[in-house]
Amino acid sequence: MTGASAPMREALRLAQRAVGRTHPNPLVGAVIVSAEADRIVGRGYHHRAGQPHAEVLAIQQAGLAARGGTLYVTLEPCRHTGRTPPCTDAILAAGLSRVVYALPDPHAPAAGGGQVLQAAGVAVEVGDGAEAALAQNAGYLSWTVRRRPWVLLKSAVSADGKVATVAAQSQYLTSAAALADVHRLRNAVDAILVGIGTVLADDPALTCRGVRGGRDPVRVVLDSTGRLPRAARVLDPDRSRASGAPTLVYTGHGTTPQFERQVFSRGGEVVQVDEREPGRLDLDAVLADLGERGLYTVLVEGGPTVHAAFITAGLADAWRTYWAPLVLGGPAPGPVGGRGIETLEAAPHLTVPQVTRLGVDVRYDAYFETSWKELAIRCLPD
């Protein structure tokens, strides 16, 4: 959280507590610093949609100590009445003299709270911790300004960059610590996507396991020709006994009504989209449909072919790799397939890398530079 003041870092930390729980609202944290004692007297974060916003909870905790103080909040306070009253009203009623927020809210109904506060005589500052707030709410912001989900590609590889042995064994390359981290990630995203090749090879359930209070993301399968087996674990015949997460199967227009009925009978839904070429679905159309369903973040676990398709289409936003201390060698594939890049100048570049130790494994997180710059231009304050 470089570039953020100490109070804003605390607000960002608080917001993170509700990751995966606030949809369709963004993650928001807030703290109030007393004018007299120059210390934090109120903390709050938005827990769930329909519940009080971060600013209101921080004001409630601060009580009379809020008067004359400074509110630090990770997103511009809202000025509209939705499921809850405007936060600007609560801020003015509390007598806060200064408001510092990291990012303007690009969502039209909520935007403009800063102007309302300024017009009422409150000092307003924008930009403290802006990049950290952008990263924290990348999904919400991508959906709001681009009308499509934020796409995170994920892979697990050996030290020499292989996703499987020469005999196609891939479960499990990484340690229990890395696997637990993957399930925490699944718990945080709105959808998880794979290609039909991954389903046929591994028969994954694509559920979130081992996370207290966890919930499963929407399961998405790219299957242009309708090969998904009826018994695939990604389909749930009885959601009261299984994950409860819906499954969307994207196909080309050539799939049969029989296949659609088969998927429907197992609790799934078939969505037909155009193909860019035979066997290659239009990923823009897939993401547009997911966006229309209000999904903000998509985790792509779908193997080298699917990873290459998203990168080639310019639709990959972020990258996460789990590196295992194994050497596999040989002709086994890497995490990205396709035709490959001919020149270094043409290769997509990654930026803002972070490295995290997970037991014996290492996690590498980065953003695709083009996507990050686009979102930053559209969302960061001038």
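The values are calculated or read from the model by the stated rules, or taken from the named source; none is laboratory data. Quick caveat: nothing in here was measured; it's all calculated off a predicted structure. Quick reminder, even Gly has a Cβ in these numbers, built from the backbone with ideal geometry, and neighbours come from all protein chains shown. For the accessible areas, the whole protein counts, side chains as well, though only heavy atoms, and no ligand, DNA or RNA atoms are used. Shrake-Rupley method; radii C 1.70, N 1.55, O 1.52, S 1.80 Å.
Would you check if there is a residue in the range 254-269 being open to solvent by less than 20 Å² (accessible area, probe 1.4 Å), at pLDDT below 95 and touching a helix residue (DSSP H, G or I) at 6+ places or on another chain (Cβ under 8 Å)?
So far as the range 254-269 goes, no, none of its residues is open to solvent by less than 20 Å² (accessible area, probe 1.4 Å), at pLDDT below 95 and touching a helix residue (DSSP H, G or I) at 6+ places or on another chain (Cβ under 8 Å).
Run down Ala164, Ala177, Ala201 and say which single residue is open to solvent by less than 20 Å² (accessible area, probe 1.4 Å) and either among the aliphatic types (A, V, I, L, M) or outside any loop (DSSP other than H, G, I, E, B) (or both).
Ala164 is the lone residue from the list that is open to solvent by less than 20 Å² (accessible area, probe 1.4 Å) and either among the aliphatic types (A, V, I, L, M) or outside any loop (DSSP other than H, G, I, E, B) (or both).
Could you tell me which residue of the range 10-47 is least open to solvent (accessible area, probe 1.4 Å), considering only residues that are among the basic types (Lys, Arg) and under 20 Å from the mean Cα position of the chain (by Cα)?
Among them, the one singled out is Arg21.
Looking only at the range 230-245, which residues are open to solvent by 50 Å² or more (accessible area, probe 1.4 Å) and at pLDDT 80 or above?
Residues satisfying the conditions are Arg230, Ala231, Arg233.
Would you mention how many residues in the range 339-358 are open to solvent by less than 50 Å² (accessible area, probe 1.4 Å), touching a residue at least 12 places away in the same chain (Cβ under 8 Å) and out of contact with any strand residue (DSSP E or B) (no Cβ under 6 Å at 6 or more places or on another chain)?
Residues in the range 339-358 being open to solvent by less than 50 Å² (accessible area, probe 1.4 Å), touching a residue at least 12 places away in the same chain (Cβ under 8 Å) and out of contact with any strand residue (DSSP E or B) (no Cβ under 6 Å at 6 or more places or on another chain): 1 in total.
Kindly state which helices (runs of 4 or more DSSP H) lie completely within the range 249-349 and contain at least 3 residues that are closer than 30 Å to Pro24 by Cα and β-branched (Val, Ile, Thr).
In the range 249-349, the matching helices (runs of 4 or more DSSP H) lie at 303-312.
Going by the conditions given, is Thr225 among the β-branched types (Val, Ile, Thr), assigned to a loop (DSSP other than H, G, I, E, B) and open to solvent by 40 Å² or more (accessible area, probe 1.4 Å)?
In short, yes.
Give me a count of the residues in the range 21-53 that are in contact (Cβ under 8 Å) with a residue 40 or more places away in the chain and closer than 14 Å to Pro7 by Cα.
Of the residues in that region, 6 qualify.
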